[in-house]
Every structure is written in C-alpha cells, then in structure tokens.
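Before any comments, here is the structure.
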Amino acid sequence: MPVWNAALGWEKLLNRKGSTWRKLDPTTQTGVIDATTASALMLAQPSVIKRPPVMWHDGSVTVGFEPQAWKARLRQAGG
C-alpha cells in the first residue's frame with residue numbers, strides 16, 4: 001500500500017463512496033485527515049481502498065476501472 005499511496009495519494013485511494021465508509025462512525029470518518037490516518041484506516045479496513053489498484057508494466061499505478069483507459073494500456077503492453 002505505501003507504493004499506491006506514493007503514486008496516487010491517499011485521497012484518491014480512499015473510497016469514501018463505498019458501503020464500508022458509510023458504515024463507519026462519524027468520529028472515524030472525520031479522523032481521516034492525512035496520509036497517516038488514511039493508511040491506518042486502510043490497513044484496518046481494507047475494503048475502504050478503491051478498487052482495483054493496478055501497477056502496470058511501465059511501473060505506473062492506477063485505481064478504478066475505466067474500460068477505454070485499460071484497453072489502451074493493455075494494447076501498449078501487447079496484451
């Protein structure tokens with residue numbers, strides 16, 4: 001996860017729209033204020049990580065599924 005955080009930033013990696021986030025108590029939600037607190041939450045509740053995180057053949061990292069972007073990346077990789 002540190003690689004994902006470094007590449008994407010915790011704000012993009014944390015899924016605040018998912019059911020796990022919505023089920024968290026307000027104190028926990030408001031306690032996520034920086035990379036340290038977000039990382040602690042993501043380690044404790046991995047389902048708050050936006051999916052899928054992918055490290056591509058060129059070393060870049062993305063999160064989420066965008067069909068056209070994936071198609072282009074796979075084409076570049078020869079897949």
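Nothing in this text is a laboratory measurement; each read-out follows from the coordinates by a stated rule. Being a predicted model, the structure only gives us computed values, none of them experimental. Neighbour counts run over all protein chains shown; Cβ positions are idealised from the backbone, glycine included.
Values for this structure:
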{"quantity": "Within-13-Å neighbourhood charge of LYS50 [Cβ basis; K, R +1; D, E -1]", "calculated": "+2"}
{"quantity": "Extension reserve of the LEU24-ALA72 stretch, reckoned as 0.36 nm per residue once the Cα distance is removed", "calculated": "13.6 nm"}
{"quantity": "The stretch 1-50: trypsin sites (Lys or Arg not before Pro) in DSSP loop, at most 13 other beta carbons within 10 Å", "calculated": "ARG16, LYS17"}
{"quantity": "Nearest-ten-degree value, helix 35-44 long axis tilted from longest Cα axis of the chain", "calculated": "90"}
{"quantity": "Calculated over the chain: convex hull of Cα atoms, volume per residue (Å³)", "calculated": "86"}
{"quantity": "Sites matching chymotrypsin sites (Phe, Trp or Tyr not before Pro) across the stretch 8-72 that sit in DSSP coil, with at most 16 neighbouring C-beta atoms within 10 Å", "calculated": "TRP56, PHE65"}
